[in-house]
Structures are given as structure tokens and as C-alpha cells.
1. Once you place label points 7 Å from the Cα toward the Cβ at A:S118 and B:Q3, how far apart are they in nm?
2. Given a Förster distance of 25 angstrom, what is the FRET efficiency for A:N327 paired with B:T10, based on the Cβ-Cβ distance and rounded to 0.05?
3. Over the whole of B:36-43, what's the average partner chain Cβ count within 10 Å per residue? Rounded to a whole number, please.
4. Please compute the average number of Cβ atoms from other chains found within 10 Å of each residue's Cβ in peptide B:56-68.
5. Could you run the Karplus curve 6.51 cos²θ - 1.76 cosθ + 1.60 with θ = phi - 60° over the stretch A:204-213 and give me ³J(HN,Hα) per residue in whole Hz, x for Gly and Pro?
6. What size of dipole, in debye to the nearest 20, comes out for the stretch B:3-61 about its Cα centre when the only charges are +1 on Lys and Arg C-beta atoms and -1 on Asp and Glu C-beta atoms?
7. Report relative contact order for chain B in percent, whole number only (criteria: Cα-Cα under 8 Å, sequence separation at least 6).
8. Ordered by residue, what ³J(HN,Hα) values in Hz, to whole numbers, does the stretch A:170-179 give under the Karplus form 6.51 cos²θ - 1.76 cosθ + 1.60, where θ = phi - 60° and Gly and Pro are x?
Amino acid sequence: MKSSRRKGEIQHGFIGKFKTYKKLGFKEVPELSTEEKQREILNKMKPWVYDASKVKPKFSMMAKAVQPTGPTPTPVTPTPTPTNTSTPTPTPSSTVTPTPTQTNTPTPTPSSAPAFDSDAAAYLADVLSAGGTGITSTVSGATNTLFTELKTEGLYSKLIIFYPFLGGVAASTSIMGDRTAGTTYDMIWVGGVTHGVSGVKGNGTNAAGNTQYPAQSLPTDRMMSVYASEASALSGYLMGGGQGKHNNMILDFNGNSTGYFGFGSQNTYSLTTYPPSDEGNLVGSITGTSSVICYKSGVQVINQTPADNEQFTSNRYLSLFCDNRDNIPSFQGHSGAFSTILSSFLAYGSDFTQSEMVTFSTIINDFQTTLGRNIY
Amino acid sequence: MIQVALLTVTQKDELVGQLFAVDSYFNPVQDCNDNWIISTQEIDGNIYPQFDWIEQLPIIDWCNPPVVI
């Protein structure tokens with residue numbers, strides 16, 4: 001224990017400053033062990049208790065947290081963590097020796113902004129943890145809006161797997177949007193996929209994404225969706241799994257502008273409006289054997305009675321950029337049918353009504369517009 | 001014209017199931033002449049020294065096999 005240079009008083013020597021000891025009620029420093037001194041101080045201090053109802057995280061707080069600051073971005077904490085202005089990430093734990101000059105009292109910024117959607121926050125946190133970049137406040141806000149609107153419209157619960165493709169690197173674009181599923185359906189990238197802030201791009205020869213979701217597990221009434229741009233003359237499968245007649249999508253088949261949504265026995269559907277490319281905000285849905293309805297960039301292009309509604313008996317993983325032709329556990333797209341599209345969103349789910357398809361198209365396009373990667 | 005890198009069957013077998021970058025696997029496929037190939041993106045993106053030999057692979061034009069629905 002140190003002696004004072006003035007009158008032999010004890011000033012420093014174990015934890016914190018002597019001044020603080022005085023404030024806390026000690027008249028003199030007792031002869032205790034270090035552990036006992038720590039316990040005494042903690043007993044004197046008012047314990048900090050986290051009360052979620054008193055914490056109103058302001059959007060800018062989240063935006064600050066997700067700003068990449070260097071080669072190793074700091075992951076966003078999914079649940080609001082109370083912070084003060086001088087310590088970005090305090091750990092509310094009484095087991096850590098406190099610094100008496102600073103208390104861990106949360107000082108939430110008064111704000112009328114709604115709370116950040118917890119599922120969106122969890123997704124963004126994992127994107128950053130994976131080394132994703134470009135997650136600006138704009139991207140965070142757009143992602144929050146995406147999740148919130150999908151939930152408000154009752155569509156979020158209908159999505160079985162979906163991929164917003166954020167972060168620009170393989171580890172981040174692979175992340176499936178719903179993190180309550182853990183990493184089970186995170187995409188496995190194979191071949192020459194290119195990753196960027198606009199999404200993921202196929203190469204037309206061997207690039208594909210394996211969702212790890214078995215096609216056989218999709219419901220009979222189901223939807224599929226891909227936001228596609230940068231198509232080339234190669235007419236590959238945009239997505240799928242099941243060979244030909246099951247759960248895949250190919251437009252401009254063999255260059256003859258035949259729309260093909262794999263929802264039945266090798267049905268092809270004549271698109272009522274069809275630009276000669278595989279580009280668009282494509283959403284297709286089948287309900288029983290009553291209807292196959294597809295929208296392209298918000299415009300209905302197919303509304304027909306399907307010949308049948310066939311599920312696949314040999315289980316295959318659903319894919320992006322190809323039609324997976326190998327049974328689980330293998331994965332291989334049909335050679336010669338890989339696409340070159342740039343995909344900015346991918347989803348498989350339960351069937352949508354026409355109204356839901358329109359709403360879904362709007363929500364997805366709004367998301368892409370805010371991110372500056374919309375195609376219409 | 002898309003260009004790709006030509007593999008022998010032995011080389012193909014060596015690459016199957018291997019990572020060329022974080023979260024990205026090699027994916028050899030066959031072209032219209034049954035040649036095994038990988039993409040130039042895989043060559044450019046490879047970060048593992050044990051596969052540096054792929055930089056020496058001959059480059060050929062991609063020949064798309066017929067699409068079968």
C-alpha cells in the first residue's frame with residue numbers, strides 16, 4: 001500500500017482513486033485483501049440493472065455500430081446494449097472490477113424512432129461478423145424496413161429461406177436472412193461466383209449457390225423468387241433443384257423466350273409480356289393444381305392452370321444460378337445451364353396470393369432501390 | 001466468349017470438395033466436349049498456395065453443353 005507524499009495518507013494502491021473511496025463512504029482504507037476490497041466497493045456502489053423498457057435505442061446508434069471501421073468490422077450486438085457516450089460497448093457485469101470514475105448507468109438517447117427489428121439486427125450482426133462490408137446506416141435502415149414490412153404484410157412467416165445478399169464477400173452473402181434457423185441454410189458457394197455490394201453474380205459455366213434446403217421439404221403450394229439483372233445470351237437456370245419439372249426457374253429457354261417456372265410436368269408458360277432477357281424481379285407461385293401465377297417486376301406475366309403440381313421424390317438441395325441435378329448430399333448444376341445473372345435477392349416459401357405477390361415485389365424493389373441496386 | 005481453364009481428370013479429382021477461398025469451393029464441370037474445366041474466377045480468387053498450380057492451366061473457350069430441361 002502506498003503512502004501519501006502528504007501527511008502519510010493512503011491515496012492509491014489497490015483499486016481506483018482514494019477520492020472515490022471517500023465518496024463511497026470509506027473514511028480510511030481498511031486492511032483487507034484485494035478481493036475483499038473489491039467486494040466492499042461493489043457493495044457500496046448502486047448496482048446497475050438493465051431495464052429494456054427504459055432503453056430506447058435510437059436508429060443512429062445502430063447505424064454507428066454497424067459502420068465498418070477497418071479490416072475487422074465490429075459485429076452489431078443483436079439486442080440493444082445500453083451504452084454511454086464514452087464507452088461504445090460496455091459489458092454490464094458486476095464481476096468486472098469497475099472503474100470508479102465512470103459508472104455503467106445507461107443513458108439512452110430520447111427518441112421517437114421505433115425499435116430496430118430484432119431479426120434484421122441479428123441478420124446484420126452475422127453479416128458483419130462474417131466480414132461483410134458496406135453496411136452503412138442506409139443499408140441498415142433498408143434492411144430494417146425490409147424485415148419490418150415483410151412482417152407487417154404477413155409475408156415474413158411465409159418465407160422459408162431467403163437471402164438479401166449483403167456485405168459483398170462470400171461469407172456474408174451466404175447468410176440466410178432468418179437467423180432463428182441458425183447457419184443450417186447458409187449458402188454454400190461453388191465455382192466462380194462473384195460477390196459485391198450489388199449481390200452475387202453467376203458466370204454461366206460453373207458458379208452456383210447451394211441453399212442446403214431440400215426441395216422435397218417445400219410445401220405443395222409454394223413460391224420462388226429471384227431478383228435478377230445482368231443476364232447474358234446464355235439461357236441458364238436462374239434457380240432451382242429437381243430437374244426440369246419441379247422447383248426451378250428458367251426464362252428465355254433455348255433462346256426462344258419461353259418462360260419456364262418449374263412447378264409441374266415440364267410445363268412451359270407463355271409470358272404475356274416478355275423482354276428477351278432473364279432480368280427482372282421474378283416471383284412465381286403455385287397453388288394446388290388450380291393456378292400458376294408469376295410476376296416480373298411487378299407485372300403479371302403468367303396466370304394459368306398448371307398441368308399438375310408435382311413434388312420431387314429424390315431429394316435435392318435448392319440452388320441459385322443453376323438447376324441442381326444431384327441428390328443429397330451431392331450438389332451439381334446441370335452442366336450447360338448455369339446462368340450469368342446478378343442476383344440481389346432469392347427466396348423460397350409458401351404460396352402467395354396475387355395480392356401478396358404484388359406487395360412482395362414492391363417491398364423487395366423498395367429494398368433494392370434504397371440500396372441503389374434496383375432494376376426498375 | 002467465356003474462357004475457362006482445362007483440367008485433367010486427376011487435377012479435377014484433386015480440386016473437388018476443396019476451398020479456393022473462404023466459403024467458396026472449386027466446382028469442376030464438363031463442357032460440350034466432356035473436358036473438365038474450372039472458371040477463371042476460381043483461379044483469380046484462389047488464396048491457397050497448394051493450388052497455385054491452377055495458374056498454369058491452359059485456357060480454352062467455354063463450349064456450352066446443350067440445355068436439357
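1. Once both label points are built, they end up 5.3 nm from each other.
2. 0.45
3. Counting other chains' Cβ atoms within 10 Å and averaging over B:36-43 gives 5.
4. 4
5. Per residue, the Karplus-derived 3J(HN,Hα) values read x, 10, 8, 8, 7, x, 9, 6, 6, 9 Hz.
6. The dipole magnitude comes to about 60 debye.
7. 42
8. So the J values, rounded to whole Hz, are 4, 5, 8, 5, 6, 6, 6, x, 8, 7.
Every number here is computed from the coordinates shown, using simple stated rules; none is lab data. From a predicted model like this one, the values you see are computed outputs, not experimental measurements. Please note: Cβ atoms are built from the backbone with ideal geometry, for glycine as well, and neighbour counts cover all protein chains shown.
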